[in-house]
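Only one structure is covered here, and it is reproduced in the block below.
The values are calculated or read from the model by the stated rules, or taken from the named source; none is laboratory data. This structure is a prediction, so every number in the text was calculated from the model and none was measured. Neighbour counts are summed over all protein chains in view; Cβ atoms, including those assigned to glycine, are modelled from backbone coordinates with ideal geometry.
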Amino acid sequence: MSHSNHMMCDLETGVCGVGEEAPIQSIDFNQPLKKITLYYATDPICSHCWALEPVLNRFIRQYGQYVHVKIVMGGLLANWSGFADKANGIQQPSDVAQHWKEVGAHSRMPIDGSLWHSNPIQSSYPPSRVFKVMETLHSGKEHEFLRRAREAVFVFNQNIGEDDTLVQIVDRMGLNGAHVVEAAGLHAAQDLLEQDFQLASSLGVRGFPTVILINEENKGVKLVGARSLDSYVDALQQLSNQTSSPVAVPPLAQLLEEEQLLFSKEMEVMYDIEQNGVEAFVQSELAAGSYRVNRILDETYVTTTHIAQP
């Protein structure tokens, strides 16, 4: 009589005996990474969101493999009828200029703000709707649009509440600006924006910027206001099913090619360098003739040579 070595106890039945012969199996014990959703509630004219960009961009560059980023438009300014931000002393458009100036000085992300005296923005909904249209028609380009819109309004003092300005921004991205802005004026675009408002409300958003990280167990961490890099890393570690290790930041040449325009503060935060070392760092990292160094609002910024200024 032959003896079988395939003795086993069945975990489900509790019966021990001779089991069927099965092929030798290869097993991967690496647990699948559980993705975390990062909701970023913001608005195109939120000055504190502009101030947050250096830190948030570094966080996403280094920890983006662990998170799925979802930008949510929050609807900061529907119109000026009845609007008041008493905490910041804002009741009319001209009041915004001083607030923006203070945020720019504190964060060193340059902000002009004089348009609030000369050509005030009447609503942040038009650029928000363009963002939603870009998300739908040109998925992946909406992030670039938001960045270009913020450069235009904060630094280059352009009214992004006006269709002509929005068309120019989208055109410079190599897309049909007139087509996108026309679509943003339809009811469907406002419906998409309203869905973002509802999502922001369901997430408990009360101000901008707000970053909310939620894991697959529906546990979350909410960070309100501009925070340090360590704050976002700590929040991620709280929710992750494994140790979250950062990847290396990209070389400056790669980062500039992707971003097209970088301010001194962004390079300082991304590469852990001091303000007085930025220009030397740029010269050491970038090939001569591939970039331009400029100054605006007492801050240095770098662009690639093949992009047009706003």
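See the values below:
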| item | result |
| --- | --- |
| Options E135, E162, E151, E144; residue that is of a type outside the set (A, V, I, L, M), touching a strand residue (DSSP E or B) at 6+ places or on another chain (Cβ under 7 Å) and either under 19 Å from I71 (Cα atoms) or surrounded by fewer than 18 Cβ atoms within 10 Å (Cβ to Cβ) (or both) | E151 |
| Matching residues, the range 166-192, being buried (at least 21 other Cβ atoms within 10 Å of the Cβ) and under 25 Å from P54 (Cα atoms) | L166, I169, V170 |
| Filtered residue count, the range 90-130, keeping only those that are acidic (D, E) and free of Cβ contacts under 8 Å to residues at least 24 places away in the same chain | 2 |
| Sole residue being modelled with pLDDT under 95, of a type in the set (S, T, Y) and within 22 Å of L146 (Cα to Cα), chosen from T243, T304, T210, T300 | T304 |
| Of all residues in the range 284-310 being part of a strand (DSSP E or B) and of a type in the set (S, T, N, Q), the one that is nearest to A226 (Cα to Cα) | T300 |
| Residue pairs meeting the criteria (Cβ under 7 Å; at least 6 apart or on separate chains; first without any contact (Cβ under 8 Å) to a residue 40 or more places away in the chain, in the range 68-81; second polar (S, T, N, Q)) | H68/T37; K70/T37 |
| Only one of V233, V211, V247 that is touching a helix residue (DSSP H, G or I) at 6+ places or on another chain (Cβ under 6 Å) and not assigned by TED's automatic domain parsing to the domain that holds Q62 | V247 |
| Matching strands (runs of 3 or more DSSP E) fully within the range 1-102 where at least 2 residues are at pLDDT below 95 and more than 27 Å from L256 (Cα to Cα) | 7-9, 16-18 |
| Helices (runs of 4 or more DSSP H) (entirely within the range 108-154) containing at least 1 residues that are farther than 17 Å from T42 by Cα and of a type in the set (S, T, Y) | 115-118, 125-137 |
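Yes/no matrix, rows are residues, columns are (1) out of contact with any strand residue (DSSP E or B) (no Cβ under 9 Å at 6 or more places or on another chain); (2) in a loop (DSSP other than H, G, I, E, B); (3) surrounded by 15 or more Cβ atoms within 10 Å (Cβ to Cβ):
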site	(1), (2), (3)
Q242	yes, yes, no
A248	yes, yes, no
Q254	yes, no, no
E258	yes, no, no
L262	no, no, yes
K265	no, no, yes
E268	yes, no, yes
G277	yes, no, no
V282	no, no, yes
